[in-house]
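Heads up: the structure comes next, in structure tokens.
Computed from the coordinates by the stated procedures, all read-outs in this text should not be read as laboratory data. Quantities reported herein were computed from a predicted structural model and do not represent experimental measurements. Cβ placement follows ideal geometry from the backbone for every residue including glycine, while neighbour counts extend to all protein chains displayed.
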Amino acid sequence: MKLCDICGKKEATLVVRQLDKDGKATDLNVCAECAKKRGLTGVEESLPESGAVITELKAKVDESDAKVVCTRCGMSFAEFKRVGKLGCADCYQAFAEKLRPIIRRLHGSVQHIGKTANQGRKRAQERLEIQRLRAELEKAIKQEDYEKAAALRDLLKRREDETGS
Amino acid sequence: MKLAPEKIGAWLSGSGPDSDVVISTRVRFARNLVDVPFVVRMKQFEQELVLETVRWALADTGYLKQGQFFEEEMLVEPDGMYFVERHLASPDLITCKNRKGLFVSEDETVSLMVNEEDHIRFQVLASGFDFATAFGKAAELDEKLEGQLAYAFSPEFGFLTACPTNVGTALRVSVFLHLPGLVLTREIEKVLRGAYALGLLVRGVYGEGSETRGNLFQVSNRQTLGQSEAEIVEVVSGVCRQIIDYEHKARQFLMHNLRVEVEDKVFRSLGLLRGARIISMEEATNLLATVRFGVALGIINELKLAEVSQLLILIRPANLQVILGEKLTGAEQEERRATFIREKLVR
């Protein structure tokens, strides 16, 4: 049993590492009471019983899930987890990061294959074209073909403005 | 608004391929409109808007005049269960409190639910093992409706649905199988586990949870994203083809080695149905399914497959009450059900 370096009477329950101005570290064994007196607080509160740690961690996750909100319908990811249903089409975009692992678990994939919707098909084609133009632009810059790069940049800008992406 | 309870769906005609084993094939798509929130977030006026928009699209594509569009008062408990028992609507459509609608084609092969879990869910049923018909008709309806409606879609996630379990193709295909041969030879567990391992969902058609009545099973795809519509159909169809072959082999084995025992079971069931004065739905379902088995094996020649398959639906509570035109208590139902079956089985 190590005794407290400050009072020398009680059992030291934590180690406080102090850095002097040269960056040299000194370790100090301190009991709970002295730690409190010296204002070394927050240590005890941050490490409660393990059951409580889980509850707290879960609350933190829930809190972060509650902050991920779909701006169109107002549904939070926490609410989705509770009801199991999404609020609108935009939720898929708003929760994309959190939904991908769920969708992968359910379907073994996160990329749709098969029929595309009419308006979806148009958008997918536009996106592909923009990606293709960006690749071409990079290639032109690498090859120092600045005239071509300038033309591609103008075209790309026009396409991006059209599609709002 | 009229119901024709005794005239039951063409999908139960007992005429499709492999109809000795397969009762029906079903193809279902879910779709949502892009401009309206999903059902859990819809306001009343939005529910009405979707209902009207879909009805209008059905009229414009020529479907509406080939059937009936049911609303509110027809779609609540207990009477709404009439459609659930006939496999035309889900229990959720009847129990939910949304402004809802149900389109049913005259021959009951096409039905479309509005404002259930998704804005639109439509299905096509075909008699027997017949994906060509069921998928062909469903894809055609999908194309036509899409000409009228703008659907929620993302290039990454596909057709967007209220629940991520349906996202992607939003396609669910199912085959309703009658597998008494595999149950009697105790091979069923093996077969069903195999289907599950291949990514399919297997459950009893009647009864809650894993309880299966009448040896009737439903096999469908679990996953809806990452495979094309054609691939999904191919996998379910391929696995079911194999199950049908196993069932045929089991039936051959039984007829070869245990013919008298099978005949005994079949004729006892027919005898009970012809003699009973009080019968529960569970007992009637089990006995009728055994009789269906006898007809499929050629042991019973005086009845047709379609007659027996249809009876399996007509004896269910809501249908029985609509047919008889009376509200009946549980005990009254059991008595009238027995009479109804006796009359139908007289030769």
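Among B:V22, B:V124, B:V295, the residue with the largest mean-square fluctuation in a Gaussian network model of chain B, with springs joining Cα atoms closer than 10 Å, is B:V295. Counting only other chain Cβ atoms within 10 Å of each residue's Cβ, the peptide A:100-107 averages 5. Loop-only check: which GluC sites (Glu not before Pro) in region B:204-291 are DSSP coil with at most 11 other Cβ within 10 angstrom? Sites meeting the loop and neighbour criteria: B:E208, B:E211. Between B:D60 and B:A132, full extension at 0.36 nm per residue minus the direct alpha carbon distance yields a gain of 23.4 nm. When the square roots of the Cα gyration tensor eigenvalues are ordered a ≥ b ≥ c, the ratio a/c for the protein assembly as shown is 1.5 or more and a/b exceeds b/c, which makes its shape prolate. The angle between the Cα long axis of helix B:259-275 and the main principal axis of chain B comes to about 70°, on a 0 to 90 degree scale.
Applying 1/(1 + (r/R0)^6) with R0 = 35 Å to the Cβ-Cβ distance of B:E332 and A:E97 gives a FRET efficiency near 0.05.
Take the Cβ atoms of A:A52 and B:T95, set R0 to 41 Å, and the FRET efficiency comes out at 0.55. Given axes a ≥ b ≥ c from the Cα gyration tensor, I'd like to know whether chain B is rounded (a/c under 1.5), prolate (a/b larger than b/c) or oblate. In terms of gyration-tensor shape, oblate.
Distance between the pseudo-spin-label points of B:D35 and B:R347 (7 Å out from Cα toward the beta carbon): 6.0 nm. For chain B, the longest principal axis of the alpha carbon atoms and the long axis of helix B:188-197 meet at an angle near 20°. Reducing region B:209-271 and region B:21-78 to their Cα centroids gives an inter-centroid distance of 32 Å. Take the Cβ atoms of A:R105 and A:E144, set R0 to 60 Å, and the FRET efficiency comes out at 0.80. For chain B, the relative contact order works out to 20 percent when only alpha carbon pairs closer than 8 Å and six or more residues apart are counted. Sparsely packed loop sites in region B:296-347 (the GluC sites (Glu not before Pro) outside DSSP H, G, I, E and B with at most 15 other Cβ atoms within 10 Å) comprise B:E302, B:E326.
Using a simple spin-label model with pseudo-atoms 7 Å out from Cα toward Cβ, B:E234 and A:R159 lie 3.1 nm apart.
Which residue, B:G271, B:G101, B:G128, has the most motion in a Gaussian network model of chain B that connects Cα atoms within less than 10 Å? Sorting by GNM fluctuation, first place goes to B:G271. Dividing the helix sum by the residues of chain B, where each DSSP H run of 4 or more adds -39500 (n - 2.57), gives a mean residue ellipticity at 222 nm of -14000 deg cm²/dmol. The stretch between A:D27 and A:V61, if pulled fully straight at 0.36 nm per residue, gains 8.8 nm over its current Cα-Cα span. Using C-alpha pairs below 8 Å separated by at least 6 residues, the relative contact order for region B:62-220 is 12 percent. The long axis of helix B:229-257 is offset from the longest Cα principal axis of chain B by roughly 10 degrees. Extension gain, B:E106-B:S280: 0.36 nm per intervening residue step, less the Cα-Cα distance, totals 59.6 nm.
Excluding same-chain neighbours fewer than eight residues apart, the lysines reachable from A:K37 by a Cα-Cα span under 20 Å are A:K2, A:K9, A:K10. Springs between alpha-carbon pairs under 10 angstrom, Gaussian network model over chain B: which of B:L192, B:L287, B:L216 fluctuates most? Taking springs between Cα atoms under 10 Å, the residue moving most is B:L192.
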